[in-house]
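The next block holds one structure in the form of structure tokens; read it before the comments.
The values are calculated or read from the model by the stated rules, or taken from the named source; none is laboratory data. Predicted model only: the values in this text are computed from it and were never measured. FYI the Cβ positions are ideal-geometry reconstructions off the backbone, even for glycines, and counts take in every protein chain you see. The protein model used for the area step is the full one, side chains on, heavy atoms only, and it has no ligands, DNA or RNA in it. Shrake-Rupley method; radii C 1.70, N 1.55, O 1.52, S 1.80 Å.
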Amino acid sequence: MNVSPSPSITASQRMILDVPVCDFGWADAFAFTDEIASLPIGQTVISFLNANNANLMMRDPEYRAALKRHIVLPDGHGVDIASWLFHGKIFPANLNGTDFVPALMTYMTTPRRVAMIGARAEILKRAAANFQKHSPWHEFIPVSDGFFDAAKSDEVTARVRELEPDILLIAMGSPKQEKWIDRHVGPGHARLVISVGALFDFMAEEVPRASATVRRLRLEWLHRLVHEPKRLWRRYLLGNPLFMYYIVRHKLAGRAKASPVSGQPAESRSF
């Protein structure tokens, strides 16, 4: 259900494995998200789809359902390959959360209150401090690490509600963060909610970023594999071929046509 005024920015959406993914360029993505954060009512949740998330989604109906209730942005080379296979062109921009969210904070000139949930406590604190240095006109507020007991979810969201933030960033990893948002976060918590994966680790400088050239080539996954092989080898060395299998099977089954869902507003949703 959409309880927010319709945003003025619209975007076509491309179906990737039966999930609509917005094909914003950088400028429209920033303008749309800034406008959503300024709306007086309602809530929009933004999530990201990459090859690993798509693999998880194919085995997890609850995760897929949550993504369909969110605004989904494209992340990485894998979804570009899927877009080219299904629609004949890659996405205009790689709107991965690790680049998109810090850049969005810089783009937003109106001061915002930004609540943060996720990662380990010390990483969360460092990430908030580095965000504050990055864009000091905003206020970044650590609320909770991402390892609290699920039974205490209502306590965590109650603290968020008391803070009255404009934006809520949640970093618990996929699919946990998207499903947690879907179950526990509603319009009274923030107008804009973004599931940000490993962003706090990067902002805290716990994990090094790839060079700008590697990111521009959409090969940061390879950089991460080199630096964290024990943790990530399954995700990439097994996951990437699995993703290719899913998209080729989907294409051969005739379930994705080369015709995007054009001209549809990227709507804000509440749940």
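Tabulated results
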item	result
Semi-axis lengths (Å, descending) of the ellipsoid that matches the C-alpha gyration tensor of the range 130-196	20, 14, 12
Relative packing of 101-110, 123-132, 146-155, 168-177, which averages over residues the other C-beta atoms within 10 Å, highest first	168-177, 123-132, 101-110, 146-155
Residue order for H138, H184 - accessible surface, 1.4 angstrom probe, largest first	H184, H138
Extended-chain gain in nm, criterion 0.36 nm per residue less alpha-carbon gap, T106 and K68	10.9 nm
Order of exposure, largest accessible area first, which applies to R159, R64 with probe 1.4 Å	R159, R64
Solvent-accessible surface (1.4 angstrom probe) belonging to E35, in square angstrom, nearest 10	50 Å²
HN-Hα J in Hz across the range 193-199 - Karplus 6.51, -1.76, 1.60, θ = phi - 60°, x for Gly and Pro	10, 10, 8, 10, x, 8, 4
Above-threshold pairs, the threshold being 22 Å between Cα atoms, out of K68/K176; K68/K152; K176/K251; K179/K230; K133/K179	K68/K152; K176/K251; K179/K230; K133/K179
Cα-projected label distance for A121 with E35, points at 7 Å along beta-carbon direction, nm	4.2 nm
Rounded to whole Hz, the Karplus (6.51, -1.76, 1.60) HN-Hα couplings of the range 59-69, x for glycine and proline	10, 9, x, 5, 5, 4, 4, 5, 4, 5, 8
Compactness relative to 2.2 N^0.38 Å, alpha carbon Rg of the range 115-159	1.22
Additional length obtainable on full extension of the chain from S12 to H134, 0.36 nm per residue less Cα span	40.8 nm
Where the range 95-148 is the region considered: accessible area per residue in Å², 1.4 Å probe	41 Å²
For the range 24-39, Karplus couplings with θ = phi - 60° (6.51, -1.76, 1.60), whole Hz, Gly/Pro x	5, x, 4, 4, 5, 4, 5, 4, 4, 5, 4, 5, 4, 5, 8, 5
Packing-based ranking, highest mean first, of 49-58, 245-254, 21-30 given that Cβ atoms within 10 Å are counted	49-58, 21-30, 245-254
Percent carbon-and-sulfur accessible area, the range 1-113, ignoring ligands, DNA and RNA, probe 1.4 Å	59 percent
